[in-house]
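To start, the structure under review is shown below, and the notes come after it.
The values are calculated or read from the model by the stated rules, or taken from the named source; none is laboratory data. Please read these numbers as outputs of a predicted model, since none were measured by experiment. Backbone-built Cβ (ideal geometry, glycine too); neighbour counts: all protein chains shown.
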Amino acid sequence: MSSRRNRIADRVFKLWAIGCTLIGIIMLGIFLVNIAIDGLGRIDWDFITSLPSRKAEKAGIYVALLGTVWILVLTAIIAIPVGVAAGIYLEEYGKKSRFASILEINITNLAGVPSIIYGILGLEVFVRTFGLGKSVIAGALTLSLLILPIIIVATREALKAVPKTLREASFALGATKWQTVSKQVLPAASGGIVTGVILAISRAIGETAPLILVGAIVYLNKPPQTPLDQYSVLPMQIFNWISRPEQEFSVNAAAAIIILLLVTFVMNGIAIYLRYRWQRKVKW
Amino acid sequence: MKRKERFVEALLAFSGGLTILTTLGILIVLLIESIAFFNEVSIVEFLTDTQWTPLFADKHYGILALVSGTILTSFIAILVALPIGLSIAVYLNEYAHPRMRQIVKPVLEILAAIPTVVYGFFALTVVTPFLQGFIPGLSGFNSLSPGIVMGIMIIPFISSMSEDALYAVPKSLREASYGMGATRFQTAFRVLIPAASSGIIVSVILAISRAIGETMIVAVAAGQQPRLTLDPLVPVQTITTYIVQVSMGDVEQNSIEFRSIFAAGITLFVFTFVLNTISAKVKRKFQHKYE
């Protein structure tokens, strides 16, 4: 009797759990279809190459799209070397030192700090104290700090996956520590590091809140020419269009969301593909 | 040779040290500006007043009005994400075919990769109108819809971390349970979940912390009206939304209105810091459990 009830409970839970699993996927589906219906018709070459406008049908994402590219490139230039270097230090050098263990706790904490707090930091330090103003470089520096913990953690994971024997073999041949790390360990871990870095950068592209604080602007009639120029980014443009009551701007928002999601998904796709290839190729 | 080695190590250590500067920077910035704020506003008013109206003529600085909005949206999000996320974790661990697992996990991770401003659009233009269909009293901006959408966003956090925790339970426990004739359901809920409870708790705490710091979904769909309420149907304002609202407007720098975002910021920081610290503590205990 009770064993029958147990088996029924088991079945019922299984159905419920399948439902739960599907709900996320169904929501994702509803959502993407909705956006596509709203926005696909609005996307054409004009939409991509037009300047912002107070008239919905004339407005385009040119300035925001180029601003996003600027932010992406500058953030990558700043955050990747620093993040990978810090990851190498923690995994290969600092292992047992007190400094390293403080660093480790600190990085875990930073990863949990809300992104808007990084915006407050950027506003106070880069925009006001350093006098960079509402410039692309101030935005890129802020986002770099935000994604640094992600890059560091990803680098460490990738380095951890490289077996000890490789390092020992290199030392046995008389290589120094840095020769071992730079010529043997880093190349072996490169696949994992690249994957982590791409995911981190794609996170930066979608960020809106910190950039609102450090001064991304919506109405600009030209994209930035130098790192010290003002800028806008796609999420900022989307936020502005969403906040307007007119239906036409909502259509613009949907169209811009399609472009933003396209960029995000392509980057995530590349990262997942690289991870897959790397896992298959490298069997230690 | 030696000198180069040392130089490289110093350079690497310096890169790591930048993260400590970041933390110090956050603390110093929040403290300096908040102290300036609390020179003008008494901390008692800040903690006990029930209204938050720094941008109005009649100024009140009661952070509770923002805290309630933050807690309300986060609570709704967890209410959605916890049962669903945990069920997914149990299902993928105990029921699903390994191949199913390989497909479902990356798809769910897409949910976490979508920019949050996009979720805000979803909440405002799809979920709110849908809910208004059967909740007539629901206003256009409310905490229910962004709360639900935020819950969907954090499902992958809870499901993937809980799954790792369930997976880490020693095989022997699972086999002992099956050996005694238990069903998968009994094994999951009487053996695995209790054994993995600390890992699951960590995932929930981190998800709460994430929800509290979430900005764009609530900025788009929850409204901008600070009020001390637990009614999910009316517009509210969260701590994060207030910071956004002030930054978007043209508030004069160094004014009390401007400084109020740092007071709001430090409140937010304290909340998330406490949650993250608790989760780190639980995690450390949990790591030693089965070794």
Quiz prompt | Residue list for the range A:142-161, filter: buried (at least 21 other Cβ atoms within 10 Å of the Cβ) and either among the polar types (S, T, N, Q) or over 14 Å from the mean Cα position of the chain (by Cα) (or both) | solution = A:Thr142, A:Ser144, A:Thr155, A:Arg156, A:Ala158, A:Leu159
Practice problem: Please specify each residue of the range B:243-288 satisfying the condition of being touching a Ser or Thr at 6+ places or on another chain (Cβ under 8 Å) and basic (Lys, Arg). | Solution: B:Arg259, B:Lys283, B:Lys285
Practice problem: Residues that are without any contact (Cβ under 8 Å) to a residue 40 or more places away in the chain: find the helices (runs of 4 or more DSSP H) completely inside the range A:167-247 holding 3 or more of those. | Solution: A:186-206, A:234-242
Self-check item: Hits in the range A:43-72 (condition: in a loop (DSSP other than H, G, I, E, B) and not β-branched (Val, Ile, Thr))
Solution: A:Asp44, A:Ser50, A:Leu51, A:Pro52, A:Ser53, A:Arg54, A:Lys55, A:Ala56, A:Glu57, A:Lys58, A:Ala59, A:Gly60
Self-check item: Tally, over the range A:109-128, of residues that are assigned to a helix (DSSP H, G or I) and either within 13 Å of A:Pro210 (Cβ to Cβ) or more than 9 Å from every other protein chain (Cβ to nearest Cβ) (or both)
Solution: 13
Practice problem: Could you tell me which of the residues A:Ala64, A:Ala36 is within 30 Å of A:Pro245 (Cβ to Cβ), within 14 Å of chain B (Cβ to nearest Cβ) and surrounded by 19 or more Cβ atoms within 10 Å (Cβ to Cβ)? | Solution: A:Ala64
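Within the range A:73-95, is even one residue assigned to a helix (DSSP H, G or I), more than 7 Å from chain B (Cβ to nearest Cβ) and more than 22 Å from the chain's Cα centre (by Cα)?
Yes, the range A:73-95 contains at least one residue that is assigned to a helix (DSSP H, G or I), more than 7 Å from chain B (Cβ to nearest Cβ) and more than 22 Å from the chain's Cα centre (by Cα).
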Quiz item: If you go through the range A:151-159 one residue at a time, do you hit one that is away from chain B (no Cβ under 13 Å), at pLDDT below 95 and either touching a His at 6+ places or on another chain (Cβ under 7 Å) or under 30 Å from B:Phe271 (Cα atoms) (or both)?
Solution: yes
Self-check item: Number of the condition not met by A:Val218 [criteria: (1) within 12 Å of chain B (Cβ to nearest Cβ); (2) more than 26 Å from A:Val33 (Cβ to Cβ); (3) buried (at least 20 other Cβ atoms within 10 Å of the Cβ); (4) modelled with pLDDT under 90]
Solution: (3)
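Yes or no, residue by residue, for (1) part of a loop (DSSP other than H, G, I, E, B); (2) out of contact with any Ser or Thr (no Cβ under 8 Å at 6 or more places or on another chain); (3) assigned by TED's automatic domain parsing to the domain that holds B:Leu166; (4) charged (D, E, K, R):
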residue: B:Gly199; (1), (2), (3), (4): no, no, yes, no
residue: B:Val202; (1), (2), (3), (4): no, no, yes, no
residue: B:Ile205; (1), (2), (3), (4): no, no, yes, no
residue: B:Arg210; (1), (2), (3), (4): no, yes, yes, yes
residue: B:Ile217; (1), (2), (3), (4): no, no, yes, no
residue: B:Val220; (1), (2), (3), (4): no, no, yes, no
residue: B:Gln224; (1), (2), (3), (4): yes, no, yes, no
residue: B:Arg227; (1), (2), (3), (4): yes, no, yes, yes
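Can you say whether A:Lys183 is away from chain B (no Cβ under 11 Å), out of contact with any helix residue (DSSP H, G or I) (no Cβ under 7 Å at 6 or more places or on another chain) and farther than 21 Å from B:Pro115 by Cβ, as far as the supplied structure shows?
It is true that A:Lys183 is away from chain B (no Cβ under 11 Å), out of contact with any helix residue (DSSP H, G or I) (no Cβ under 7 Å at 6 or more places or on another chain) and farther than 21 Å from B:Pro115 by Cβ.
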Practice problem: Could you list all residues from the range A:73-83 that are in contact with a helix residue (DSSP H, G or I) (Cβ under 6 Å, 6 or more places away or on another chain) and either of a type in the set (A, V, I, L, M, F, W, C) or over 21 Å from A:Lys222 (Cα atoms) (or both)? | Solution: A:Leu74, A:Ala76, A:Ile78, A:Ala79, A:Ile80, A:Val82, A:Gly83
Exercise. State which residue is nearest to the chain's Cα centre (by Cα) when the search covers only the range B:234-275 and only residues that are modelled with pLDDT of 90 or more and of a type in the set (S, T, N, Q).
Key: B:Thr272
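Matching residues to (1) crowded, with 21+ Cβ neighbours inside 10 Å; (2) more than 10 Å from chain B (Cβ to nearest Cβ):
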residue	(1), (2)
A:Lys222	no, yes
A:Gln225	no, yes
A:Leu228	no, yes
A:Tyr231	yes, yes
A:Phe239	yes, no
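Take the conditions at pLDDT below 90, in contact with a Ser or Thr (Cβ under 6 Å, 6 or more places away or on another chain) and more than 14 Å from B:Gly16 (Cα to Cα) and apply them to A:Ala59. Does it pass?
yes
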Exercise. State whether one or more residues within the range A:49-60 are within 30 Å of B:Met150 (Cα to Cα), among the hydrophobic types (A, V, I, L, M, F, W, C) and surrounded by 17 or more Cβ atoms within 10 Å (Cβ to Cβ).
Key: yes
Practice problem: Would you confirm whether any residue within the range B:46-60 is hydroxyl-bearing (Ser, Thr, Tyr), under 26 Å from A:Gly83 (Cβ atoms) and free of Cβ contacts under 8 Å to residues at least 24 places away in the same chain? | Solution: no
Self-check item: Residue that is surrounded by the fewest Cβ atoms within 10 Å (Cβ to Cβ), among those in the range B:140-159 that are small (Gly, Ala, Ser) and within 23 Å of B:Ile212 (Cβ to Cβ)
Solution: B:Gly151
Quiz item: Which fully enclosed helices (runs of 4 or more DSSP H) of the range B:111-188 have 2 or more residues being within 21 Å of B:Ala77 (Cα to Cα)?
Solution: B:116-122, B:128-132, B:144-167
Self-check item: Filtered residues of the range B:95-115 (kept if closer than 23 Å to A:Arg203 by Cβ, within 9 Å of chain A (Cβ to nearest Cβ) and surrounded by fewer than 23 Cβ atoms within 10 Å (Cβ to Cβ))
Solution: B:Val104, B:Pro106, B:Val107, B:Leu108, B:Glu109, B:Ile110, B:Leu111, B:Ala113, B:Ile114
